[in-house]
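J.: Supplied in structure tokens, the structure appears directly below.
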Amino acid sequence: MTDVRILDATRVPHGPVDLGAIATDTTPGFDGDKDEGKAALAELGEELSELQERLWAEGTAGSDRRVLLVLQGMDTSGKGGVLRHTVGLIDPQGVRIKAFKAPTDEELEHDFLWRIRRELPPPGYVGVFDRSHYEDVLIGRVRELASPEEIERRYDAINDFEQEVTAAGTTILKCMLHVSPEEQKSRLLRRLERPDKHWKYNPGDIDERGRWSAYREAYEIALERTNTAVAPWHVIPADRKWYRNLAVGHLLLDTLRLLAPQWPTADFDVAEEHRRLAEEDPVA
């Protein structure tokens with residue numbers, strides 16, 4: 001029913017990207033229904049948690065390895081849902097989540113990657129970026145917050161940065177949550193119709209919808225220019241929330257499986273510690 005080839009089915013091939021040709025309501029790599037998809041996601045939890053704990057244990061023994069999940073997507077594409085339903089399967093002690101907002105005055109005094117470097121996960125962690133350095137070539141391009149020359153420079157800067165952190169032990173998993181404008185409109189309407197969802201509604205989202213074509217073009221360029229061997233992109237159809245969550249879960253699981261973290265070997269004499277513990281007389 002499900003297959004680890006979700007990793008392959010969602011991977012962006014090298015070359016020009018046409019998001020219009022990628023359906024937003026399909027389930028590549030999975031042929032089950034919604035109930036089966038939710039059950040399949042729940043089944044990933046135990047292995048995800050164990051592999052992350054092994055990664056953590058390796059970190060305590062000096063390993064530099066860690067995982068960084070980058071989540072990008074238009075408003076309502078479901079970054080928060082992935083955090084709750086998928087990343088939430090992992091022990092929160094081993095997860096670092098950073099949601100990047102508009103840069104502060106201090107951050108604007110530095111290169112755009114300065115604030116990103118400060119939030120990279122430590123060894124042993126699964127780090128998650130809810131939006132990321134890609135905002136600087138997405139919203140930066142669409143709203144003309146930087147010159148065309150600066151935007152062009154940033155693509156190469158991102159590739160160099162990701163090559164650098166990968167070489168230092170970070171495995172980068174980049175997911176673009178691909179939602180349709182029709183589904184986005186439906187989700188925004190639900191937020192307006194439910195008082196308990198008004199807090200999630202931002203009137204600015206309507207303004208951004210008016211720039212949909214520009215954002216799609218910006219994403220296509222970014223995906224093509226930064227789809228590298230060390231940090232490839234995956235486009236996740238996001239109209240079906242359950243599949244979106246399952247797909248990211250499988251990508252995380254496959255990533256950790258490929259890392260194959262191992263429990264560190266004891267740096268003490270296990271037999272001797274057994275003997276000492278057996279002979280110990282607790283103080284009354």
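J.: Taking the Cα atoms only, what angle lies between the long axis of helix 241-259 and the longest principal axis of the chain, rounded to 10 degrees?
T.: So the inclination is approximately 50 degrees.
J.: Read phi for every residue in the stretch 217-226 and hand back ³J(HN,Hα) as whole Hz from Karplus 6.51 cos²θ - 1.76 cosθ + 1.60, θ = phi - 60°, with x for Gly and Pro.
T.: Values, residue by residue: 5, 5, 5, 4, 5, 5, 4, 5, 6, 10 Hz.
J.: Starting from 0.36 nm per residue, how many nanometres of slack lie between Asp156 and Thr60 once their C-alpha separation is accounted for?
T.: 31.2 nm
J.: State, to one decimal in nm, how far the label point of His110 lies from the label point of Arg190, with both points 7 Å from Cα in the Cβ direction.
T.: 3.8
J.: So how much slack lies between Ile206 and Glu149, counting 0.36 nm per residue of separation and subtracting their Cα-Cα distance, in nm?
T.: Between Ile206 and Glu149, full extension yields 17.6 nm more.
J.: If you don't mind, another one. Run the quick spin-label model on Thr166 and Glu272: label points 7 Å from Cα toward the beta carbon, then report their separation in nm to one decimal.
T.: A separation of 4.4 nm, rounded to one decimal place.
J.: In addition: If you place +1 on the Cβ of every Lys and Arg and -1 on the Cβ of every Asp and Glu, how big does the dipole about the Cα centre of the chain come out, in debye to the nearest 20?
T.: That gives the chain a dipole magnitude of about 1060 debye.
J.: Could you please put Asp105, Asp8 in sequence from largest to smallest accessible area, using a 1.4 Å probe?
T.: Order by accessible area, largest first: Asp105, Asp8.
J.: Further question: Please compare each pair in Lys34/Lys101; Lys34/Lys98; Lys98/Lys197 to a cut-off of 24 Å on the Cα-Cα distance and tell me which ones are over it.
T.: Lys34/Lys101; Lys34/Lys98
J.: Pick from Asp130, Asp64, Asp207: which residue has the top mean-square fluctuation in a GNM of the chain where Cα pairs under 10 Å get a spring?
T.: Greatest mean-square fluctuation among the candidates belongs to Asp207.
J.: Of the residues Arg117, Arg141, Arg54, which exhibits the maximal mean-square fluctuation in a Gaussian network model of the chain defined by a 10 Å Cα contact cut-off?
T.: So, out of Arg117, Arg141, Arg54, the one fluctuating most is Arg117.
J.: So how tilted is helix 181-193 from the main axis of the chain? Cα-based, degrees 0 to 90, rounded to 10.
T.: Computed tilt is about 80 degrees.
The values are calculated or read from the model by the stated rules, or taken from the named source; none is laboratory data. Just so it is clear, the structure is predicted and the values come from calculations on it, not from any experiment. Cβ atoms come from the backbone with ideal geometry, glycine included; neighbour counts cover every protein chain shown. Just so you know, the surface numbers come from the protein's heavy atoms only, side chains and all, with ligands and any DNA or RNA stripped out. Shrake-Rupley method; radii C 1.70, N 1.55, O 1.52, S 1.80 Å.
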